[in-house]
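Quick note: the coordinates plus some simple rules give every number you see, no bench work behind them. This is a predicted model, so every value here is computed, not measured. FYI the Cβ positions are ideal-geometry reconstructions off the backbone, even for glycines, and counts take in every protein chain you see.
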Amino acid sequence: MPSLTIDGTSLHYELSGRGAPAIVLIHGGCCAGSDWSAQVAALSDEFAVLTLDLRGHGRSGGREGALSVPLWAADVNALIDGLDLAPAVIVGHSLGARIAAETVWQRPDNAVALVLLDGSRTLGGRAAIAPPPDCSARQDSDADLAAILDRTIGPFADAHVRRQVIATMSAAPPAVMTAAVDALTEWDRDRADPVFAALPRDLPVLAIQSTYHDRFTPRRSFARTDETSPYLDDLRATMPQLQVAVLPRTGHFSMLERPEAVTALIRDAARGTAKP
């Protein structure tokens with residue numbers, strides 16, 4: 001796997017295939033670029049596809065330094081520039097959805113479309129500001145790591161997907177786990193509103209959504225394709241151009257659970273931006 005050194009930190013990436021627009025796939029917190037292996041295999045026969053291990057993750061360096069969504073986004077833009085991939089379809093999962101949006105906000109010229117894969121909003125927007133009076137759900141802060149990961153994966157993943165996610169996420173150093181949670185919380189509180197509001201209105205944006213949760217709402221999977229959520233409603237109000245695709249009865253790691261469906265939606269988004 002090749003690497004690019006940015007500010008003294010080695011970032012590992014993989015570039016597969018060729019064809020425009022390039023597709024940049026950004027993994028979630030405490031995860032790795034390998035989460036996208038099914039999408040890389042299916043899309044690289046038509047497009048250049050870039051995956052990376054974010055700073056502090058996987059085979060990339062930077063575990064000892066400060067980590068933030070703006071820093072990760074700057075790294076993604078540096079890779080796009082260094083590999084001459086602009087303008088690209090920027091795709092991000094979970095924490096990576098925030099990084100994808102920040103990447104586009106930092107460098108709109110580097111993006112031809114934005115895809116948010118099961119993003120969320122823990123603070124701000126239309127997220128719950130307090131637990132419901134009758135809430136008896138156990139909060140993540142009171143649960144052990146295994147319980148948190150199991151709840152994050154959801155009830156629909158098969159044993160293979162569950163093992164893969166648990167192995168990847170549980171291998172992350174505690175300091176990186178803490179940094180990822182802090183970075184997500186800070187971005188949701190301080191950056192989400194101005195970033196989404198400032199994205200170009202002619203930029204195609206697709207939200208592929210399978211679950212909803214916020215700080216006081218335990219994660220749940222959608223049951224129907226016509227469901228919505230406070231997060232999606234907030235995105236719709238901010239970005240009139242937003243398109244939404246709901247994957248029902250699917251957990252948080254939809255690119256692993258429903259690889260064909262996620263791949264098809266990303267492929268369609270990329271084809272929709274191709275110049276005649």
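Annotation: amide H of Val115 within the under-5 Å range of Ile90, Val91, Gly92, Leu206, sequence separation 5 or more or interchain, hydrogens built in the peptide plane. What shape does region 22-91 have by the C-alpha gyration tensor, where a ≥ b ≥ c are the square roots of the eigenvalues, rounded means a/c under 1.5, and otherwise prolate means a/b greater than b/c and oblate the rest? Judged from the Cα gyration tensor, region 22-91 comes out oblate (a/c at least 1.5, b/c at or above a/b). Mean residue ellipticity, 222 nm, helices only, the chain: the sum of -39500 (n - 2.57) across DSSP H runs of n ≥ 4, divided by residue count and rounded to 500, is -11500 deg cm²/dmol.
Rounded to the nearest Hz, the phi-derived 3J(HN,Hα) couplings of region 6-23 under the Karplus curve 6.51 cos²θ - 1.76 cosθ + 1.60 (θ = phi - 60°) are 10, 6, x, 10, 7, 10, 8, 9, 9, 10, 10, x, 8, x, 9, x, 5, 10, where x marks glycine and proline. Near Leu54: Cβ cut-off under 15 Å, other residues only, Lys/Arg at +1 and Asp/Glu at -1. The net charge is -4.
Within the set [x] -0.34, -0.71, -1.21; [y] -0.26, -0.65, -1.34; [z] -0.22, -0.56, -1.31, the number that log10 I(q)/I(0) by the Debye sum over Cα atoms at q = 0.07, 0.11, 0.16 Å⁻¹ takes when calculated for this structure is listed as [z]. Given a Förster radius of 41 Å and the C-beta distance between Ala128 and Arg271 as r, what FRET efficiency does 1/(1 + (r/R0)^6) yield to the nearest 0.05? Using R0 = 41 Å, I get an efficiency of 0.65. Other residues with beta-carbon under 9 Å from the beta-carbon of Pro70 carry, at +1 per Lys or Arg and -1 per Asp or Glu, a net charge of 0.
For region 201-208, the Karplus equation 6.51 cos²θ - 1.76 cosθ + 1.60, evaluated at θ = phi - 60°, returns couplings of 6, 8, 7, x, 10, 10, 9, 9 Hz by residue, with Gly and Pro reported as x.
Where in the chain lies the longest segment free of trypsin sites (Lys or Arg not before Pro) that are both loop residues by DSSP (not H, G, I, E, B) and have at most 13 other Cβ atoms within 10 Å? That gives 19-137 as the longest site-free run. Please sort by residue number the GluC sites (Glu not before Pro) in region 1-102 whose DSSP state is loop and whose Cβ has at most 14 other Cβ atoms within 10 Å. Counting only loop positions with at most 14 other Cβ atoms within 10 Å, the GluC sites (Glu not before Pro) in region 1-102 are Glu64. Relative to its residue count, region 53-177 spans a Cα convex hull of 151 Å³ per residue. Here the spin labels are modelled as points 7 Å beyond Cα on the Cα-Cβ line, and at Ala78 and Thr225 they lie 4.3 nm apart.
Other residues whose C-beta falls under 15 angstrom from the C-beta of Gly33 contribute a net charge of -2, scoring Lys and Arg +1 and Asp and Glu -1. Amide H contacts for Arg215 (H built 1.01 Å from N in the peptide plane; partners 5 or more residues away or on another chain; cut-off under 5 Å): Ala128. Listed values for region 210-223 are Karplus-derived 3J(HN,Hα) couplings in whole Hz (6.51 cos²θ - 1.76 cosθ + 1.60, θ = phi - 60°), namely 10, 9, 9, 7, 9, 4, 10, 10, x, 4, 9, 8, 5, 9, and x replaces Gly and Pro. Working from Cα pairs under 8 Å separated by at least six residues, relative contact order for region 155-276 is 29 percent.
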